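Encoded as structure tokens, the structure appears first; notes follow it.
The values are calculated or read from the model by the stated rules, or taken from the named source; none is laboratory data. Bear in mind that the values here come from a model prediction, so they are computed numbers and not experimental data. Here Cβ is always computed from backbone atoms with ideal geometry, including for glycine, and neighbour counts include all displayed protein chains. We work out accessible area using only protein heavy atoms, side chains counted, and drop any ligands, DNA or RNA first. Shrake-Rupley method; radii C 1.70, N 1.55, O 1.52, S 1.80 Å.
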Amino acid sequence: MRVLSGIQPSGKLHLGNYFGMMKPALALQERSEAFLFIADYHALTSVSDPGILRQATRDVALDFLACGLNPEKTVFYRQSDVPEVLELTWLLSIVTPMGLLERCHSYKDKVARGIPASHGLFTYPVLMAADILAVQSDVVPVGQDQKQHVEVTRDIAIKFNQKFGEVFKIPEPAIHQSVAVVPGVDGQKMSKSYNNTIELFGAPAETKKAIMRIVTDSKTVADKKDPDQCNVFALYKLFATEAEAGAMAGRYRAGGLGYGEVKKALWERMQAHFEPLRKEREALQQEPGRVDRILRQGAARARDEIQKTLKAARRAVGLE
Ligand code: ADP
Ligand code: TRP
């Protein structure tokens, strides 16, 4: 089975990214052929400062490697090191109906948030389809918000195959329902664009402050509480074992548990989980040459695969 996912270097990675996409994708690397890439062409639709793009690209590479990406197993690369995806984007765009793109929520949401409505932003899902189809992936692990883009990819691949012959495998999205939408500190979906994130490798004091800011209702310590309505519990559950989450849920329902105590437990859990990874990240940061080498080698491996697909697609449409 082949798995592919990507992430835009458009800001600091957070718990929504980690549980929604990184962890499920990294879990699959042991038992499948995984491709993971840094979607820097995509990020250009929203990042206009070249220095920030370079820095964010490096940060995402460090984050993934620190969080357990094994570059021996997983093909880890930077999208722009494989420009063949852009040619494939064009070949796919000729079978992509305008209506399909006009229905994409992500485009409409981004424009509503003030991102300029450029042609690149509008055709973003076709580039994403090219990323996925180029490596003939079977499965695409993503959070709920990206599901529509994977469905668009399937539609495009089916149309291309019908018109020009079987070139592309039809991929499936893989969405873990338990982490489909990780809430932010305000209870909305955690997202860089909502300023409600808890960063994976933020300064500890900032992380603690963010956790203390998580919105709760105004019940007192003595009141009985519903854990399933609580944003703090939703995040705690992501770090706890099933038994621990069950025990905590019991204490919510019994009364006598304050939100402050759960926030403290969440903070301790998060520290215990990310502190060793932070050390790993700091060590990697001292070896920029190593990170460059990993990305270069990943790009070479990805390129081999992608060139094969591109050749088949060029031949199918009559360019070769
Ligand atoms: P953001 O909303 O912060 O800009 P991205 O759109 O770059 O995040 O998302 C990168 C990956 O992380 C995608 O697969 C997305 O589905 C996943 N993801 C982002 N936020 C969340 C969240 N709050 N819950 C679950 N998955 C998420
Ligand atoms: N659009 C995705 C996001 O914003 C990033 C992405 C680009 C991606 N190409 C992809 C994800 C291919 C999965 C597969 O999060």
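Just to confirm, what accessible area per residue do you get for the chain at 1.4 Å probe, in whole Å²?
Working: 15120 Å² over 320 residues.
That works out to 47 Å² for each residue.
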So how compact is segment 250-314: Cα radius of gyration and Dmax in angstrom?
23.0, 67
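Assuming R0 = 30 Å, what is the FRET efficiency of Arg293 and Glu30, from their Cβ-Cβ distance, to the nearest 0.05?
0.85
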Checked against the positive end of the charge dipole of the chain (+1 on Cβ of Lys and Arg, -1 on Cβ of Asp and Glu, about the Cα centre), the farthest of Ala300, Val215, Phe37 is Val215
With Cα coordinates, the longest principal axis of the chain makes an angle with the long axis of helix 84-93, in degrees rounded to 10, of 80
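Tell me, what is the FRET efficiency for Tyr194 and Arg301 to the nearest 0.05, using R0 = 35 angstrom and their Cβ-Cβ distance as r?
0.45
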If the reach is capped at under 19 angstrom between alpha carbons, list the lysines near Lys279, excluding any in the same chain fewer than eight residues apart.
Lys12, Lys23, Lys208
Once label points are set 7 Å from the Cα along Cα→Cβ at both Arg315 and Lys264, what is their separation, rounded to one decimal in nm?
6.7
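Just flag the GluC sites (Glu not before Pro) in segment 48-102 sitting in loop per DSSP whose Cβ has no more than 16 other Cβ atoms within 10 Å.
Working: sites: Glu72, Glu84, Glu87, Glu102; in loops: Glu72.
Answer in residue order: Glu72.
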Could you list log10 I(q)/I(0) for the chain at q = 0.13 Å⁻¹, which the Debye formula gives when each Cα is one point scatterer?
-0.98
Principal axes first, then extents: for the Cα atoms of segment 201-320, list largest minus smallest coordinate on each axis, whole Å, largest first.
73, 40, 25
Total charge dipole magnitude, segment 201-282, about the Cα centre, Cβ charges on Lys, Arg, Asp, Glu only, Debye to nearest 20
180
Positive-end residue, the chain charge dipole about Cα centroid, Cβ charges, pick of Phe239, Ala129, Leu277
Phe239
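Which value at 222 nm does the chain reach when only helices count, each DSSP H run of 4 or more adding -39,500 (n - 2.57), with the total divided by all residues and rounded to the nearest 500 deg cm²/dmol?
Values: 13 runs with 172 residues, N = 320.
Roughly -17000 deg cm²/dmol at 222 nm, from the helical runs in the chain.
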How much of the DSSP beta bridge set in the chain is antiparallel, as a percent to the nearest 5?
10
Accessible-area composition of the chain, carbon plus sulfur, in percent [1.4 Å probe]:
51
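Please state the charge dipole magnitude for the chain, taken about the Cα centre, from unit charges on C-beta atoms (+1 on K and R, -1 on D and E), reported in debye and rounded to the nearest 20.
On the way: 43 positive and 38 negative charges, 47 e Å.
Here the chain has a charge dipole of around 220 debye.
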If the chain between Lys163 and Glu242 were fully stretched, how many nm would it gain, using 0.36 nm times the residue separation less the Cα-Cα distance?
23.6 nm
Within straight-line cross-link reach of Lys311, lysines at Cα separation under 19 Å, skipping those fewer than 8 residues along the same chain
Lys159, Lys163, Lys169
Quick check: convex hull over the Cα atoms of segment 1-90, volume per residue in Å³, rounded to an integer?
103
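Let's see if you can work this out: charge +1 on each Lys and Arg Cβ, -1 on each Asp and Glu Cβ, no other charges. What is the dipole magnitude of segment 70-125 about its Cα centre, in debye to the nearest 20? Don't skip to the end; give the middle numbers.
Details: 6 positive and 6 negative charges, 64 e Å.
I would put it at about 300 debye.
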Among Val221, Val179, Val152, which one shows the biggest mean-square fluctuation in a GNM of the chain, springs joining Cα atoms closer than 10 Å?
Val221
